[in-house]
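Structure first, commentary second.
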Amino acid sequence: MTMQAADFLRPLPWLELPWQTLMEAIDQDRVAHALLIRGVGGIGKTRLATDYARRLLCQKPQSGKACGQCTSCHLFDAGTHPDFLMLAPEEAGKAIKVDAIRQMTQEIALTPQYAGYRVVIIDQADALNGNAANALLKSLEEPPNGTVIVLVTDRPQQLPATVRSRCRNLSISPIHSDMALQWLNQQGIVEDAPALLSTAAGSPLRAASLEGSEAVKKRIERFDELMAVFFGARDPLDVAEIWSTKLVDMELLWMASWLADGARLGLTEGRVPARNIDLDAQLRRLAARIPVSFLMETYDRILKCQEALRGPANRQLVFEEFLIRWAEGGARPQ
């Protein structure tokens, strides 16, 4: 059995309601020709989209699931189904370009060979560049008969409004930490579960994949560097040089989550726990020192860094600008 087929047999409890919504649409003959699955990263959105595609293409579905036995299911599990297409950035952090959408447009113009559907998943759809997004619009507005296009994103706000408005939305709610920790415990991850979950920004699937890696250690290093710059113990230019060669997108997500926690703690006067549960004490000290407005401004700058780094920006200059502004906040009189 392929990994894809094996994964289909292991349900994720937090996806039960979204899955039910999708199955009801099939049962009621209300399948959306354009669907936008949105939610935080690492909770199984792509897997949900893939399982949905598998179910749509199955020739003999059983009890709301793909049968796993028909020709269509075998082709899907082998990654050779002619009526299924998966698009994603060619490299992490890079854009989906217009040529990929043009190729998709040519493929969906063909008549489906099996179950009557042709399914396209665009993973990390927020990575569509402007030309690619514009090229996609016609397919979203007037898709060929039987075509279902599923967009998956962690950052729906970075998709053009014209794309979002042409899709039916399916939002996946954030997972409560208790459910995520319970699931990790069931996978045999117990002692390191809280730190792994925080490192994965609350995403249990990412947390499980990080077990045994250096990610937890790296996350603490980045937190210490960020705090050292703010409090004047490190030169922002020196740290920017380190980040320009080492930092990956996930590490920017860590920083965004720390800033969001700090703002949340500040707004509630510490009445709620930090979502980064292993850094709760440090984040409370941060919230006591830094105005909420500055934390929120810095959070926005992190998102702008992410967007800039998807293009041809000079990484060191991006981080220098960000860290200099951050250090200026630490130098302000309190």
Problem set entry | Extended-chain gain in nm, criterion 0.36 nm per residue less alpha-carbon gap, residue 71 and residue 113 | 14.0 nm
For this session: Would you mind calculating the relative contact order of the chain from Cα pairs under 8 angstrom and at least 6 residues apart, reporting the percent as a whole number?
Result: 17 percent
For this session: Might you report the magnitude of the Cβ-based charge dipole of the range 214-331 about its Cα centre, with Lys and Arg at +1 and Asp and Glu at -1, to the nearest 20 debye?
Result: 300 debye
Exercise. Among 161, 88, 287, which one shows the biggest mean-square fluctuation in a GNM of the chain, springs joining Cα atoms closer than 10 Å?
Worked result: 161
Exercise. Points 7 angstrom from Cα along the Cβ direction at residue 296 and residue 182: gap in nanometres?
Worked result: 3.4 nm
Seminar exercise, completed: A chain fully extended from residue 16 to residue 168 at 0.36 nm per residue, minus the present Cα-Cα distance, gains in nm 52.9 nm
Exercise. Given the Cα-Cα distance of residue 91 and residue 209 and 0.36 nm per residue of separation, how much length would full extension add, in nm?
Worked result: 40.6 nm
Problem set entry | Residues of type aspartates and glutamates that residue 45 reaches as a straight line, Cα spacing below 17 Å, ignoring anything fewer than 8 places off in the same chain | 7, 16, 123, 126, 154
Exercise. Could you put 220, 324, 149 in order, starting from the residue whose Cβ has the fewest other Cβ atoms within 10 Å?
Worked result: 324, 220, 149
Problem set entry | Read-out Kirkwood radius over Cα pairs in Å, derived from the coordinates shown; its label in (1) 22.4; (2) 21.7; (3) 24.4 | (2)
Problem set entry | Positive-pole candidate from 172, 92, 205, dipole of the chain, charges at beta carbon | 172
Exercise. To the nearest 20 debye, what charge dipole does the chain have about its Cα centre, counting +1 at the Cβ of each Lys and Arg and -1 at the Cβ of each Asp and Glu?
Worked result: 560 debye
For this session: Using only alpha carbon pairs under 8 Å that are at least six residues apart, calculate the relative contact order of the range 214-331 and give it in whole percent.
Result: 37 percent
Exercise. If r is the Cβ-Cβ distance from residue 129 to residue 31 and R0 is 41 Å, what FRET efficiency results, to the nearest 0.05?
Worked result: 0.90
Problem set entry | Convex hull (Cα only) mean projected area of the range 3-171, reported in nm² to one decimal | 9.1 nm²
Seminar exercise, completed: The answer for the net charge of residues other than residue 163 whose Cβ lies under 13 angstrom from its Cβ, with Lys and Arg +1 and Asp and Glu -1, is +4
Seminar exercise, completed: Cβ density ranking, 10 Å radius, fewest first, applied to 253, 259 yields 253, 259
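No value in this document is a laboratory result; all are computed from the given coordinates. Computed from a prediction, not measured in an experiment: that's the story for all the values here. Virtual Cβ from ideal backbone geometry, glycine too; neighbours counted across all protein chains shown.
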